[in-house]
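Undergrad: Here it is, the structure, as structure tokens.
The values are calculated or read from the model by the stated rules, or taken from the named source; none is laboratory data. These numbers come from a predicted model, not from an experiment. Every residue, glycine as well, gets a Cβ built from its backbone with ideal geometry; the counts of neighbours run over all protein chains shown. Note: areas computed on protein heavy atoms with side chains; ligands, DNA, RNA excluded. Shrake-Rupley method; radii C 1.70, N 1.55, O 1.52, S 1.80 Å.
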Amino acid sequence: MTRFTPAELEAARDRLVPDVIADGLRVLFCGINPGLMSAATGHHFARPGNRFWPVLHLSGFTPRLLKPSEQNELLNHCLGITNVVQRASARADELTAEEYVEGGRLLTAKVLQRRPRWLAVVGVTAYRAAFTDPKARIGPQERTIGDTRLWALPNPSGLNAHWTTATMAEEFGRLREAAQH
């Protein structure tokens, strides 16, 4: 893993992390926003300690553990990644309510254009803020965007101590099962 100085990470705030997306995906995963390590590398969920890639593999979405630098291989499995908010930050709590709402609006337009079967928002708090649904819980949602079903997943950040890697993999696995039908 490349090491970055604090100044290099801070400078990454202005960089966009490109979507990994195509039309008609089985699942489009949606992070909250890029962290500084993701912005510095250009790869989603790049911070060491983030459990997204291990959980994706353990849940059966990928046949092997992918590295963040291999994110484009997700397209081979009809999977993709985007973010609710495109702006990079050190912590998600730096984002404003307005950014989440605007991110939800832009995400809705993206989903209507690309038409994935499922949109899986990785972080129920981000889902609630983006879609103004304060009572949403982890799991499948009643709401749809066109024909796209929505699922709120636990946040794989190492800071989310409420969920273990194993329990997250179970929830991701529930989505994988639903996405196969």
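Undergrad: Just to be sure, is Ser69 over 14 Å from Cys30 (Cβ atoms) and buried (at least 16 other Cβ atoms within 10 Å of the Cβ)? Break it down stepwise before answering.
TA: Values: over 14 Å from Cys30 (Cβ atoms): yes; buried (at least 16 other Cβ atoms within 10 Å of the Cβ): no.
The answer is no for Ser69.
Undergrad: Then there is this: Going through the stretch 113-123 one residue at a time, which ones are open to solvent by less than 50 Å² (accessible area, probe 1.4 Å) and either more than 16 Å from Asn83 (Cβ to Cβ) or modelled with pLDDT of 95 or more (or both)?
TA: Result: Pro116, Trp118, Leu119, Ala120, Val121, Val122.
Undergrad: Do any residues in the stretch 106-123 that are closer than 11 Å to Asp23 by Cβ have Cβ atoms under 8 Å from those of residues that are modelled with pLDDT under 95 and surrounded by fewer than 17 Cβ atoms within 10 Å (Cβ to Cβ), where the two are at least six apart or on different chains, and which pairs are they?
TA: Arg114/Gly24; Arg115/Gly24; Pro116/Gly24
Undergrad: Being of a type in the set (A, V, I, L, M, F, W, C) and in contact with a helix residue (DSSP H, G or I) (Cβ under 6 Å, 6 or more places away or on another chain) is the filter; apply it to the stretch 154-181 and report the residue that is nearest to Asp23 (Cα to Cα).
TA: Phe172
Undergrad: A follow-up question, please. Filter the stretch 56-66 for residues that are out of contact with any strand residue (DSSP E or B) (no Cβ under 9 Å at 6 or more places or on another chain) and crowded, with 18+ Cβ neighbours inside 10 Å and give the result. It would help to see each step written out before you state the result.
TA: Quick first cut of the stretch 56-66, residues out of contact with any strand residue (DSSP E or B) (no Cβ under 9 Å at 6 or more places or on another chain) only: 57-60, 63-66.
Result: Leu58, Ser59, Leu66.
Undergrad: Among the residues of the stretch 72-98, write down those that are farther than 16 Å from Val17 by Cα, open to solvent by less than 30 Å² (accessible area, probe 1.4 Å) and without any contact (Cβ under 8 Å) to a residue 60 or more places away in the chain.
TA: Matches in the stretch 72-98: Leu79 only.
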